Amino acid sequence: MDDIIKEELNRPTIFKNEDALSFNFVPKELPEREEELRELIRVFRNVLEEGVGRKQSALISGKVGTGKTVLAKKFGKMVSERDKFDYVHVNCRRNDSETKALFKALREYDKDFPKRGYSAEEMIKSLFSMLKIRGKYLFLTLDEVDFLINKNGSELIYTLSRLSEDEESRFEDRISVIYISRSPSFRKKLDESTKSTLRNNLINLNDYNRSELISILEQRVELAFKSGTVSDNSVDLIADIASNWGNARFAIELLWKAGKKTDSEEINKLVPEHVRWAKAETHPEIRREVFEDLDKHHLIVLLSISKLLLGNEKAYVTTGEVKNNYKLTCETYNKEPRGHTQFWHYIRKLSKSGIIDTSVSGEGERGTTTEISLPDIPAEMVNKKTKKFLEDKKENQN
Ligand SMILES: Nc1ncnc2c1ncn2[C@@H]1O[C@H](COP(=O)(O)OP(=O)(O)OP(=O)(O)O)[C@@H](O)[C@H]1O
């Protein structure tokens with residue numbers, strides 16, 4: 001066994017720090033987003049200067065991979081270096097209710113804060129008193145905030161945006177909020193007065209063009225790879241491909257996969273052929289972390305959907321068909337199929353994560369049916385990707 005470990009560790013690699021290509025890595029500098037970072041600082045100038053003062057909130061919007069998350073996290077790192085300020089980043093896809101989102105923030109201060117038994121209002125009060133005791137002011141980011149709104153409506157946002165309206169508590173106001181949404185119409189979902197508090201604080205991130213993607217890629221090449229192992233024309237090719245979507249996530253994923261392919265061939269230069277291979281393996285709309293959050297049963301349901309769509313010329317499949325196939329696929333993976341209610345939870349979660357689309361068809365002979373389709377990603381790619389994640393989960397369990 002030791003020999004296998006030694007052999008693997010001795011394999012040549014072109015990476016010097018693969019972590020610099022992971023999706024939650026925050027680089028020291030953000031090429032091409034300095035102006036937006038400054039804009040964000042200007043929005044919160046009062047808070048940063050005085051600690052107390054008129055509370056502000058901001059909304060960062062932009063398409064997939066335009067740097068919304070990394071911009072907020074970079075701002076968070078910078079403000080946390082100042083004594084009085086803390087930063088908490090909550091992903092609302094993972095924490096899709098008011099209480100889950102607040103719990104994530106509270107746990108930063110109190111590791112033992114109980115998971116259940118508190119209302120959202122009580123949780124906000126507790127958060128305030130924890131901040132007050134510590135003399136801290138908090139920047140709270142609600143990332144992918146649409147998930148929260150779709151589930152709970154805008155109640156939490158309403159409450160947070162009203163915090164400073166009560167004169168008495170004005171100087172106790174300790175939470176500033178950054179919302180992140182991909183949807184340009186997010187503001188429309190809010191009530192008039194919340195909308196107006198955000199009016200001047202909108203930061204919209206444009207899609208990246210080719211030369212911006214080259215700057216971002218060059219930085220990652222420098223951070224993640226040994227010197228001279230990535231050819232310039234490979235970087236150009238990745239930027240060409242990813243600029244069709246303006247998506248830096250896709251560009252970085254291509255760079256990472258091309259690097260892995262180079263390593264697997266045991267050669268020491270990443271060249272355009274590796275990029276072409278990576279492109280055939282990757283889809284710009286697939287987000288690795290969304291798949292990582294799915295458990296085995298979600299993956300089996302997704303695999304069933306992709307199988308049915310692959311063997312079928314129709315654009316959609318029905319939930320009945322998926323359920324039958326799910327039961328069969330469970331056998332392949334040695335899993336006991338779950339009951340009807342649980343099956344519906346899986347469908348709902350997949351739909352909420354945006355991987356599948358569901359719509360209710362008109363009255364059929366036996367009433368309405370729910371139809372499922374894959375909006376953005378080819379069935380074949382979902383099929384491959386899902387199988388790979390199921391395999392990985394199996395290996396991790398062994
Ligand atoms: N200006 C930049 N400089 C360096 N890295 C960047 C920049 N913009 C984006 N990235 C990197 O690209 C990837 C995607 O960025 P990020 O997650 O911030 O996008 P996003 O707009 O939040 O996407 P999504 O809507 O899919 O969540 C991350 O790895 C991020 O670090």
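Grab the helices (runs of 4 or more DSSP H) fully contained in the stretch 283-384, keeping just those with 3 or more residues being away from the ligand (no atom under 16 Å from the Cβ). Break it down stepwise before answering.
Values: elements: 288-292, 296-310, 319-332, 340-352.
Per the criteria, 296-310, 319-332, 340-352.
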Filtered residues of the stretch 49-79 (kept if open to solvent by 30 Å² or more (accessible area, probe 1.4 Å), assigned to a helix (DSSP H, G or I) and more than 13 Å from the ligand (Cβ to nearest atom))
E49, E50, M78
Take the residues in the stretch 10-28 that are among the charged types (D, E, K, R) and surrounded by 11 or more Cβ atoms within 10 Å (Cβ to Cβ); name whichever of them is farthest from the ligand (Cβ to nearest atom).
K16
Looking at the stretch 180-209 only, could you name the residues that are away from the ligand (no atom under 14 Å from the Cβ) and either open to solvent by less than 40 Å² (accessible area, probe 1.4 Å) or more than 23 Å from the chain's Cα centre (by Cα) (or both)?
L190, D191, E192, S193, T194, K195, S196, T197, L198, R199, N200, N201
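Could you check the stretch 296-323 and list, in sequence order, the residues that are open to solvent by 70 Å² or more (accessible area, probe 1.4 Å) and either in contact (Cβ under 8 Å) with a residue 12 or more places away in the chain or of a type in the set (A, V, I, L, M, F, W, C) (or both)? It would help to see each step written out before you state the result.
Residues of the stretch 296-323 that are open to solvent by 70 Å² or more (accessible area, probe 1.4 Å), as a first pass: 307, 310-311, 313-316.
K307, L310, A315, Y316, listed by residue number.
Does H283 satisfy being closer than 15 Å to I238 by Cα and open to solvent by 20 Å² or more (accessible area, probe 1.4 Å)? Can you show your working first?
Numbers: closer than 15 Å to I238 by Cα: yes; open to solvent by 20 Å² or more (accessible area, probe 1.4 Å): yes.
Spelling it out, H283 is indeed closer than 15 Å to I238 by Cα and open to solvent by 20 Å² or more (accessible area, probe 1.4 Å).
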Test for G354: is it on the phi > 0 side of the Ramachandran plot and not assigned by TED's automatic domain parsing to the domain that holds N244
yes
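Conditions tested, residue by residue: (1) open to solvent by 60 Å² or more (accessible area, probe 1.4 Å); (2) within 24 Å of S196 (Cα to Cα).
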site	(1), (2)
R93	no, no
S126	no, no
I133	yes, no
F139	no, yes
Spot the failing condition for L237; the list is (1) part of a helix (DSSP H, G or I); (2) open to solvent by less than 20 Å² (accessible area, probe 1.4 Å), and only one is missed.
(2)
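The values are calculated or read from the model by the stated rules, or taken from the named source; none is laboratory data. It should be emphasised that the depicted structure is a prediction, and the values quoted were computed from it without experimental measurement. Positions of Cβ are generated from backbone atoms using ideal geometry, with glycine treated the same way; all protein chains shown enter the neighbour counts. Accessible surface is based on the protein model in full, side chains and every heavy atom, while ligands, DNA and RNA are left aside. Shrake-Rupley method; radii C 1.70, N 1.55, O 1.52, S 1.80 Å.
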